[in-house]
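Beneath this line is the structure, given in structure tokens, with notes to follow.
The values are calculated or read from the model by the stated rules, or taken from the named source; none is laboratory data. Quantities reported herein were computed from a predicted structural model and do not represent experimental measurements. Virtual Cβ from ideal backbone geometry, glycine too; neighbours counted across all protein chains shown.
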Amino acid sequence: MIRWNHPVQGLVTPEEIFPRAESAHQMIWIGNWVLQHACRQNQRWQAAGLPAVPVAVNLSSAQFLHQGIFQMIRETLAETGLDANFLEIEISETLSMRDPQVTLLILQQLQQLGIKASIDDFGTGYSSLRQLKKLPINRLKIDISIIQGIGSDPDDLTIASSIISLAKNMGIGVIAEGVETEAQLQLLKQLQCDQAQGFYLGLPMQVSEMQTLLENITRNH
């Protein structure tokens, strides 16, 4: 997620950036800029011989539902040279259900290019399972609000367990968002969650820091 190292205010978080961008009607421009830079940087790392890993990019509702989104993504891949297999698109659960037919059409177009798709913030909306099973998605990402409560709230633990079981039964991968403690990680392992992300596992990185990490992975393997 985008962060801005402001010369006066310091690090500005996504939670601060997005409301301002939305009020200024800049979400489409910012979203496209992020997508282009993420794809370009990933391709540069691969060209330098670093591990080929996919990059996941969040799309806002304004960006995803924009008429030219498919063409923009296709042109971005062509311009940057990134293989579509190394790009994953994330949309929120709420957005995926806003207009299921439009969502289905866009995701099908992206799937034909080889792009993977994830449902972000899952567990906070009101998805219809009938609609969900129609969407060509590769992962469900359990919302941070649920993960933060799995160690203290039996209901959150039950919800997380149910989402993981649902995903596995549908042949979909599942990622836990916002893992911040060892206890949360161990519980997720017991629930057989596929993957996890969060500050406990890794803080947001600048390009140079991520490159160093990839270089270390290359040396150790």
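Residues that are touching a residue at least 40 places away in the same chain (Cβ under 8 Å), surrounded by 14 or more Cβ atoms within 10 Å (Cβ to Cβ), touching a Ser or Thr at 6+ places or on another chain (Cβ under 9 Å) and more than 19 Å from residue 106 (Cα to Cα): does the range 124-141 have at least one? Yes. Per the listing 16, 75, 88, 79, the residue uniquely under 16 Å from the mean Cα position of the chain (by Cα) and of a type in the set (D, E, K, R) is 88. Show the residue pairs meeting these rules: Cβ distance below 7 Å; 6+ apart or different chains; first residue within the range 199-213 and more than 21 Å from residue 52 (Cβ to Cβ) and modelled with pLDDT of 95 or more; second residue of a type outside the set (D, E, K, R) and part of a helix (DSSP H, G or I). Listed pairs, sorted by first residue: 200/185. If I go through the range 54-85 residue by residue, how many of them are surrounded by 15 or more Cβ atoms within 10 Å (Cβ to Cβ) and either closer than 13 Å to residue 35 by Cβ or without any contact (Cβ under 8 Å) to a residue 12 or more places away in the chain (or both)? Within the range 54-85, residues that are surrounded by 15 or more Cβ atoms within 10 Å (Cβ to Cβ) and either closer than 13 Å to residue 35 by Cβ or without any contact (Cβ under 8 Å) to a residue 12 or more places away in the chain (or both) number 19.
Looking at this structure, is residue 149 in contact with a Gly (Cβ under 9 Å, 6 or more places away or on another chain) and either without any contact (Cβ under 8 Å) to a residue 12 or more places away in the chain or in a loop (DSSP other than H, G, I, E, B) (or both)? Against the criterion (in contact with a Gly (Cβ under 9 Å, 6 or more places away or on another chain) and either without any contact (Cβ under 8 Å) to a residue 12 or more places away in the chain or in a loop (DSSP other than H, G, I, E, B) (or both)), residue 149 does not qualify. Going through the range 1-29 one residue at a time, which ones are more than 21 Å from residue 202 (Cβ to Cβ) and among the hydroxyl-bearing types (Ser, Thr, Tyr)? Hit for the range 1-29 is 23, nothing else.
In the range 1-24, how many residues are free of Cβ contacts under 8 Å to residues at least 12 places away in the same chain and either over 20 Å from residue 121 (Cβ atoms) or not in a helix (DSSP H, G or I) (or both)?
Initial filter on the range 1-24 (free of Cβ contacts under 8 Å to residues at least 12 places away in the same chain): 5-13, 15-16, 19-21, 23-24.
Right, trim to either over 20 Å from residue 121 (Cβ atoms) or not in a helix (DSSP H, G or I) (or both) and you get 5-13, 20, 23-24.
Matching residues across the range 1-24 total 12.
Selection of helices (runs of 4 or more DSSP H) fully inside the range 37-106 by the criterion of at least 1 residues being in contact with a strand residue (DSSP E or B) (Cβ under 7 Å, 6 or more places away or on another chain) and modelled with pLDDT under 95 returns 61-64, 93-98.
The single condition from (1) within 21 Å of residue 107 (Cβ to Cβ); (2) without any contact (Cβ under 8 Å) to a residue 60 or more places away in the chain that residue 43 fails is (1). Name the single residue, out of those in the range 162-208 being among the acidic types (Asp, Glu) and within 20 Å of the chain's Cα centre (by Cα), that is surrounded by the most Cβ atoms within 10 Å (Cβ to Cβ). Ranking the candidates gives 177 first.
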